[in-house]
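This report concerns only the one structure given below.
The values are calculated or read from the model by the stated rules, or taken from the named source; none is laboratory data. Keep in mind that this is a model prediction, so the values were computed, not measured. Heads up, the Cβs are rebuilt from the backbone with ideal geometry, glycines too, and the neighbour counts pull from every protein chain shown. Side chains included, ligands, DNA and RNA excluded: accessible areas come from the protein's heavy atoms. Shrake-Rupley method; radii C 1.70, N 1.55, O 1.52, S 1.80 Å.
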Amino acid sequence: MDRLTEHRLVSPSAERNKGPVADLLTRLLPDHGLVLEVSSGTGQHIVHFAQQMPYLHWQPTERDEESLRSIAGWRAAKALPNVGEPLRLDVIDQPWPIGFASAVICLNMIHIAPWSAAEALIRGAEAITVPRGILFLYGPYRRSGRHTASSNEAFDRELQAKNPEWGVRDLESVAHLAERHGFEGPEVHDMPANNLSIVFRRRQTG
C-alpha cells in the first residue's frame with residue numbers, strides 16, 4: 001500500500017484490476033439505481049467505476065478510519081456527483097445503514113476475513129438487494145476444492161500463516177451460501193491474474 005497524499009492511499013493491485021472489473025460491471029449492472037460497495041478499501045475502485053458508469057449512484061463503505069479517510073480523499077479529488085460520502089460498515093453489524101440497492105459489490109474481501117464475514121456479507125446483501133439485483137464478488141477462489149493456479153495456492157498459504165481463519169474460499173461453498181440466502185446460482189467470469197468474478201442474481205419474491 002502506497003500513500004499518494006496525506007489521506008489518499010494507493011493499492012497497486014486495485015490499480016491493475018479496476019479496468020477489467022469495470023469493463024465487466026458495465027455489461028452486468030442496470031442503467032440506473034444505487035450500487036453499494038462493501039469494503040471499498042482505498043477508494044480507487046469506486047471512483048473509477050463511477051467515472052465509467054455515471055448513470056449509477058455509488059455508495060462506498062469501510063470499517064476502519066484510515067480507509068474511510070482515503071475514500072473521502074479520492075472522492076474529493078475526483079469531485080464525482082454520483083459517489084456518496086463513505087459510510088462506516090462492518091458486515092457483521094446488521095442491519096446495514098442502506099435500505100436497498102440495485103447491486104452489492106465486494107472485491108477482494110472474503111479471503112482476508114473469517115468465514116463469518118462471508119456469511120454476514122451474503123445475509124446483508126439478501127436484506128437490501130432488490131429482486132433481480134446483483135451480488136458481485138471478485139477475487140481468487142478454489143474450484144471443486146482445488147486451486148486454479150499455483151500462485152493462488154501459495155497466496156492461500158501466506159494468508160493462513162497470517163490468520164488461520166483467512167484463506168482462498170471454495171467457489172462451491174460461497175455459491176451454496178448465496179443460494180440459501182435468496183440468490184440464484186452463480187455466473188462465473190474468468191479474470192486476469194487467476195481471479196474470478198462471481199455474479200449472483202436475487203431471486204424474485206412472491
(message) Kindly evaluate A117 against the criterion of being open to solvent by less than 20 Å² (accessible area, probe 1.4 Å) and under 19 Å from E62 (Cα atoms).
(response) yes
(request) Give the number of residues within segment 53-112 that are touching a His at 6+ places or on another chain (Cβ under 8 Å), in a strand (DSSP E or B) and under 29 Å from D156 (Cβ atoms). (result) 1
(message) I want to confirm something. Restricting to segment 164-178 and keeping residues that are free of Cβ contacts under 8 Å to residues at least 12 places away in the same chain and open to solvent by 60 Å² or more (accessible area, probe 1.4 Å), which single residue is nearest to D23 (Cα to Cα)?
(response) H176
(message) Within segment 122-163, take every residue that is at positive phi and touching a Lys or Arg at 6+ places or on another chain (Cβ under 9 Å) and give me the one that is surrounded by the fewest Cβ atoms within 10 Å (Cβ to Cβ).
(response) R132
(message) Considering only residues that are within 19 Å of W96 (Cβ to Cβ) and either more than 12 Å from the chain's Cα centre (by Cα) or at pLDDT below 95 (or both), which ones fall in segment 28-42?
(response) G33, L34
(request) Give me a count of the residues in segment 7-17 that are in contact (Cβ under 8 Å) with a residue 40 or more places away in the chain and open to solvent by 40 Å² or more (accessible area, probe 1.4 Å). (result) 4
(message) Looking at segment 57-71, can you tell me whether even one residue there is free of Cβ contacts under 8 Å to residues at least 24 places away in the same chain, open to solvent by 40 Å² or more (accessible area, probe 1.4 Å) and in contact with a strand residue (DSSP E or B) (Cβ under 7 Å, 6 or more places away or on another chain)?
(response) no
(request) Mind telling me which of the residues Q52, Q94 ends up being open to solvent by 80 Å² or more (accessible area, probe 1.4 Å) and of a type in the set (S, T, N, Q)? (result) Q52
(request) Can you give me the number of residues within segment 18-30 that are in contact with a strand residue (DSSP E or B) (Cβ under 7 Å, 6 or more places away or on another chain) and either in a loop (DSSP other than H, G, I, E, B) or open to solvent by 30 Å² or more (accessible area, probe 1.4 Å) (or both)? (result) 3
(request) Could you tell me which of the residues G33, G41 is farther than 19 Å from V199 by Cβ, surrounded by fewer than 23 Cβ atoms within 10 Å (Cβ to Cβ), out of contact with any Asp or Glu (no Cβ under 6 Å at 6 or more places or on another chain) and not basic (K, R)? (result) G41
(request) Answer yes or no: is there a residue in segment 60-73 that is modelled with pLDDT of 95 or more, of a type outside the set (G, A, S) and under 14 Å from A103 (Cβ atoms). (result) yes
(request) Within segment 54-71, identify whether any single residue is within 19 Å of A117 (Cβ to Cβ), in contact with a helix residue (DSSP H, G or I) (Cβ under 8 Å, 6 or more places away or on another chain) and of a type in the set (S, T, N, Q), and answer yes or no. (result) no
(message) So for segment 184-203 (the condition being buried (at least 19 other Cβ atoms within 10 Å of the Cβ), closer than 22 Å to D31 by Cβ and among the basic types (K, R)), does at least one residue qualify?
(response) yes
